[in-house]
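Only one structure is covered here, and it is reproduced in the block below.
What follows draws every value from the coordinates through simple rules; no lab data is involved. Bear in mind that the values here come from a model prediction, so they are computed numbers and not experimental data.
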Amino acid sequence: SDIYRAQESRKNALARGKAIETLREVEDAAKEQAAQEEEKAKHMSKDPLQIRHDDFDLRLVQEQRNTLLEQALQDIDDDIQAVLQEEDLGKRSRGDDDQQFGNLEAQKESLESVMDAVFHAEMESKHSAGGGGGGG
């Protein structure tokens, strides 16, 4: 593990244009890289906008992205149905419903566009990772 980190540090340093000659420089570069990775992990686990509580982890959001998007879409659909039901029951005026309905429809369309983009990005990623070829 230490040898691997030392080799990676040396490779990264060479990529940045630095030549590492001594064992001390290799160890220093490995420590620097470990510190950078620790700092990156620290930032990745926090919510930069402070939207969530201390247990919020962006990596989990990334892993559950599709589920969260589908849940948000379902929530918007539920809100649309609630607006339509209230209109049918006469609990709200038509003008209020039209505005809220329009807002919800716009949110739904935007979310569907995001979901399409995510889907296509995943497909391209899988296609390029799989070599892009296929026989039939």
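Note the full-extension length gain between Asp57 and Lys31 as 0.36 nm times their separation in residues minus their Cα-Cα distance, in nm to one decimal.
In short, 6.8 nm is gained.
Which length gain, in nm to one decimal place, applies between Met123 and Ile80 when the Cα-Cα distance is subtracted from 0.36 nm times their residue separation?
12.4 nm
Rounded to whole Hz and in sequence order, give me ³J(HN,Hα) for the stretch 101-108 from the Karplus expression 6.51 cos²θ - 1.76 cosθ + 1.60, θ = phi - 60°, writing x for Gly and Pro.
Karplus values, whole Hz, x for Gly and Pro: 4, x, 4, 5, 5, 5, 4, 5.
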